[in-house]
1. Once the piece of chain linking Asn105 and Asp305 is laid out straight, how much longer is it, given 0.36 nm per residue of separation minus the C-alpha distance between them?
2. Give the residues of the stretch 467-482 whose amide nitrogen is closer than 19 Å to a point set 7 Å from the Cα of Ser258 in the direction of its Cβ.
3. For the pair Asp446/Thr43, report the inter-label distance in nm, with labels modelled 7 Å from Cα in the Cβ direction.
4. How much length is gained on full extension from Gln192 to Glu421, taking 0.36 nm per residue of separation minus their Cα-Cα distance?
5. Straight distance only, please: which lysines reach the Cα of Lys489 with their own Cα at less than 20 Å, same-chain residues fewer than 8 apart left out?
6. Please give every one of the lysines within straight-line cross-link reach of Lys72, meaning a C-alpha to C-alpha distance under 20 Å, and leave out same-chain neighbours fewer than 8 residues apart.
7. Charges only on Cβ, +1 for Lys and Arg, -1 for Asp and Glu: so what's the dipole of the stretch 67-189 about the Cα centre, in debye to the nearest 20?
8. Using the Kirkwood formula on the Cα atoms of the stretch 129-224, what hydrodynamic radius do you get, in angstrom to one decimal?
Amino acid sequence: MQHNVLILDFGSQYTQLIARRVRELNIFCEIYPYNNPPKDLSTFKAVILSGSPFSVRAEDAPHPDLSEIRGKKPLLAVCYGAQYLAHFSGGEVAPSNIREYGRANLSYIKENEPFLENISNDSQVWMSHSDTIKTLPTNGVRIASTKDVENAAYKIEGETTYAIQYHPEVYHSTDGKQMLENFLVKIAEVPQNFTPNAFVEEMIEELKNKVKDDKVVLGLSGGVDSTVAAVLLHKAIGKNLYCIFVNNGLLRKNEYDSVLDQYKGMGLNVKGVDASARFLKALAGVDDPETKRKAIGNAFIEVFDDEANQLTDVKWLAQGTIYPDVIESISVNGPSATIKSHHNVGGLPDFMKLKIVEPLRMLFKDEVRRVGKTLGIDAELLGRHPFPGPGLAIRILGDITQEKVDILQEVDAIFINGLKEHGLYDKVWQAGAILLPVNSVGVMGDERTYEKVVALRAVESTDGMTADWVHLPYDFLMKISNEIINKVKGVNRVVYDISSKPPATIEWE
Ligand code: XMP
């Protein structure tokens, strides 16, 4: 990939959002932590400095040397970045005596300023800082103000250096994307060539050069990321890609067979391994959610290792890692503890000692979907709801038995098929059913029953970090509830989960 735009991260919660907005302009960009920037800057055509939770006046705040960047590359400094630039270049940054948080409107826009072309006069911007720029840096020229913030935006005379105290990347800055476009396309002249087609072509070439005639093994999950990674690799190296699809016995009803068929129809060289019994055995009597997850994780590693060992001369392990995972591992605050545990190479299973290839490591989830579409992957597969790795095990509260799995698979299938039949599936981000560890009293004919309760859950979300419950139509819920109670033996009550995240989570375990 061409390194077009470098985003130097000072630890702001919005840094990923800057990258998203830049990518929406079909411009490739990469985030690097300010304390570990790329060694070679020559391929970057522009640089963006992110915001930060720090005050520039704090001793432990990020104060990197920008001498290789400023004046040498087009530079856009956002929020903390703008204050940092001012603080170290002859300006003055001081605590603000008013609250500079939330919506504001531009009240002054410098005329004939390319950065602000096509921006409405009173454009709404989003502020989020407690310091403010009192005096501009040497050669600084004010280009925009709000009622409360005089130096809302400035540039440095004689350079392509721009600085803004507001956040162009958030939705509330209504012309934020236009400003980014003005800076990147008009001022910095960065090419808008990062399209799904271009990505596919370049990545296939890159994979061919990297993997050559080696064999690669990949674990398919039925989800979007591993499928797109597999199809890309398949296009690059054909039969040298060996895929393994493990049935852990905790998938949705008929999912193992139907997904396996779908993969074979796509021409992938895939081996299905039905290890349901092994997983169920590992889970016997376990009711703690985290212990369940560990048991499933360990069983998966054992099964995958057994299978990978049956292949000879495999050199690479392919993974469907995507960009948010990568950003997390290189964050300003350092990699998380789980990532560090990978250094324990001696204790790793054999397949984890292989070289790693991750064709999607630079893509956000929606970009993965678009790449999948370009590759001709079925829209139904690309539009599938997320499904957790431990599967139904974390939707059966308490211990797991085959009987409970069977019940939940039936309930879940009625719910999910119902959503599809009523045109609701694509309006929901994730949906599923939960089998509760309680029985309740009911009547059926003249008989009193004492049977299981199931909960239905459907949420709207963009990334799973926050979620709202979906207001599914009452008529639909009534129909699904009737169908479940009539058809699924052992269930006599259905409830609908109306909790949002936070404080509730999406899964119940
Ligand atoms: P929560 O329940 O934390 O879920 O709100 C957020 C998203 O993560 C999924 N999830 C998991 N995915 N392994 C996974 O692969 C897990 O252990 C796991 N737990 C939760 C959940 O389905 C939702 O999409």
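The values are calculated or read from the model by the stated rules, or taken from the named source; none is laboratory data. Predicted model only: the values in this text are computed from it and were never measured. Heads up, the Cβs are rebuilt from the backbone with ideal geometry, glycines too, and the neighbour counts pull from every protein chain shown. The accessibility values were calculated without ligands, DNA or RNA, using every heavy atom of the protein model including side chains. Shrake-Rupley method; radii C 1.70, N 1.55, O 1.52, S 1.80 Å.
1. Details: separation 200, 0.36 × 200 = 72.00 nm, distance 5.84 nm.
Length gained, Asn105 through Asp305: 66.2 nm.
2. Counting only backbone N, you get 480-481.
3. 8.0 nm
4. Numbers: separation 229, 0.36 × 229 = 82.44 nm, distance 3.99 nm.
Extra length available between Gln192 and Glu421 comes to 78.5 nm.
5. Cα-Cα hits under 20 Å: Lys253, Lys404, Lys452, Lys479.
6. Lys39, Lys45, Lys155, Lys186
7. Details: 12 positive and 16 negative charges, 28 e Å.
Once rounded to the nearest 20, the dipole reads 140 debye.
8. Working: mean 1/r = 0.0565 Å⁻¹.
The answer is 17.7 Å.
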